[in-house]
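Note sheet for the following structure.
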């Protein structure tokens, strides 16, 4: 996989925490994995929102169809009972 070299600026406290947890040679890998995880999380959030919107739209359609069938069923029942 091709790689791109970047220069990051981090708050001193964050840098100290990172250095305490990750050895110097593994920081790039750690930052890459953390970035990938964060991007995946954000993409899942966008997908969840899209799915929610689609579910709500579908529920509205289903409700409308159910109301129409209820009216037709009620009319048929009235005709049978008459």
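The values are calculated or read from the model by the stated rules, or taken from the named source; none is laboratory data. The structure presented is a predicted model; accordingly, all values stated were derived computationally and were not measured. Cβ: placed from backbone, ideal geometry, glycine included. Neighbour counts: every protein chain shown.
Contact map, the range 1-30: first residue at negative phi, second residue assigned to a loop (DSSP other than H, G, I, E, B), Cβ cut-off under 6 Å, separation 6 or more or different chains; pairs are 30/22.
Evaluated against (1) in a helix (DSSP H, G or I); (2) surrounded by 10 or more Cβ atoms within 10 Å (Cβ to Cβ), residue 10 falls short on exactly one condition, (1).
I'd like to check something: does the range 56-79 contain any residue that is out of contact with any helix residue (DSSP H, G or I) (no Cβ under 7 Å at 6 or more places or on another chain), under 30 Å from residue 8 (Cβ atoms) and in a helix (DSSP H, G or I)?
The answer is no, given that none of the residues of the range 56-79 is out of contact with any helix residue (DSSP H, G or I) (no Cβ under 7 Å at 6 or more places or on another chain), under 30 Å from residue 8 (Cβ atoms) and in a helix (DSSP H, G or I).
Within the range 13-54, the only residue that satisfies the criterion of being in a loop (DSSP other than H, G, I, E, B) and surrounded by 10 or more Cβ atoms within 10 Å (Cβ to Cβ) is 22. Residue 41: farther than 30 Å from residue 10 by Cα and modelled with pLDDT of 95 or more, yes or no? The answer is no for residue 41.
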